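Reading through the structure tokens given below for one structure.
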Amino acid sequence: MTDNASRRGAADLGMPLMVVAFLVMGGFMYWLYGEAMAENAIQAIVEEEAAVVSADIEGATTVDPVDIQLDPTPYEGQVIRLADGNILSMLGAQGFWLEMPNGNPFLVSLNDELIAEGLPLSMGEIATVAGMVTVMTPDIAQSWLDAGRIPEGDKLAAEFATHYLAAQVVQVGGGSSGSIDSGEEAADSTAGNEGAEGN
């Protein structure tokens, strides 16, 4: 009699223990699901940031400065990228001079978006730029002067350049600003800059 009661009590505990085991297992599975979702969210953010960086230079051909320092003519109208150049000096608020391997400066003009951002650019900074190689004309330099973006002295210096890079992306150190368009959109953007600000 006593043995049967003892066995019945053990059997009565089996069901609650089984329910508890299922609850614990369900809780563990839910925790694993939450961890996986959090990891996927972090991975998505990392991939999105990587995509933004690659989109910044999409359509731009990386060019060795040696190939452009003497004659930029073959690159006219092309969207190119010049990496890790030294900023020799500023060109008012309009842009800056990038040092080429032969020591000569190459003019970089910022678009409206980059100027509005007020990038912390200064002499001696290392910059990577991407934009369209554009023929320099006196009218462009005059439009920069009229817009108050360069002083008279910088206008004379700008007119000395045969070409400039109409920059749509500037990376200083690890940061980047702006966006780059390829093909027709880049041409439209540069043409618009030439009309409005001389870019």
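Taking the criterion of being buried (at least 18 other Cβ atoms within 10 Å of the Cβ), among the small types (Gly, Ala, Ser) and under 15 Å from Thr128 (Cβ atoms), the residues of the range 78-115 that qualify are Gly85, Gly95.
The set of residues from the range 94-120 being in a loop (DSSP other than H, G, I, E, B), under 17 Å from Ala161 (Cβ atoms) and of a type in the set (A, V, I, L, M, F, W, C) comprises just one member, Met100. The sole residue among Thr128, Thr190 that is hydroxyl-bearing (Ser, Thr, Tyr), at pLDDT 90 or above and either in contact with a Phe, Trp or Tyr (Cβ under 9 Å, 6 or more places away or on another chain) or under 26 Å from Pro74 (Cβ atoms) (or both) is Thr128. State whether one or more residues within the range 74-82 are farther than 22 Å from Glu152 by Cβ and aromatic (Phe, Trp, Tyr). So far as the range 74-82 goes, yes, one or more of its residues are farther than 22 Å from Glu152 by Cβ and aromatic (Phe, Trp, Tyr).
Only one entry in Pro151, Pro120, Pro138 is under 20 Å from the mean Cα position of the chain (by Cα) and over 23 Å from Ala60 (Cα atoms), namely Pro120. Screening the candidates Leu110, Leu70 for the property of being touching a strand residue (DSSP E or B) at 6+ places or on another chain (Cβ under 9 Å) and among the aliphatic types (A, V, I, L, M) yields one hit, Leu110.
Scanning the range 137-173 for residues that are among the β-branched types (Val, Ile, Thr) and crowded, with 18+ Cβ neighbours inside 10 Å yields Ile140, Ile150, Val169, Val170.
If only residues of the range 91-126 that are out of contact with any Pro (no Cβ under 8 Å at 6 or more places or on another chain) and among the charged types (D, E, K, R) are counted, the one that is nearest to Val66 (Cα to Cα) is Glu125. Out of Asp139, Asp154, Asp84, one residue alone is among the acidic types (Asp, Glu) and not in a helix (DSSP H, G or I). It is Asp84. Evaluating Tyr75 against the criteria (1) modelled with pLDDT of 75 or more; (2) surrounded by fewer than 11 Cβ atoms within 10 Å (Cβ to Cβ); (3) under 34 Å from the mean Cα position of the chain (by Cα); (4) not charged (D, E, K, R) leaves one unmet condition, (2).
Note on the range 131-161: residues that are under 20 Å from Pro74 (Cβ atoms) and not hydroxyl-bearing (Ser, Thr, Tyr) total 6. Of all residues in the range 158-174, at least one satisfies being modelled with pLDDT under 85, over 20 Å from Asp71 (Cβ atoms) and not acidic (Asp, Glu).
The values are calculated or read from the model by the stated rules, or taken from the named source; none is laboratory data. Keep in mind it's a predicted model, so treat the numbers as computed, not measured. Ideal geometry is used to build each Cβ from the backbone, glycine not excepted, and the neighbour counts take in all protein chains shown.
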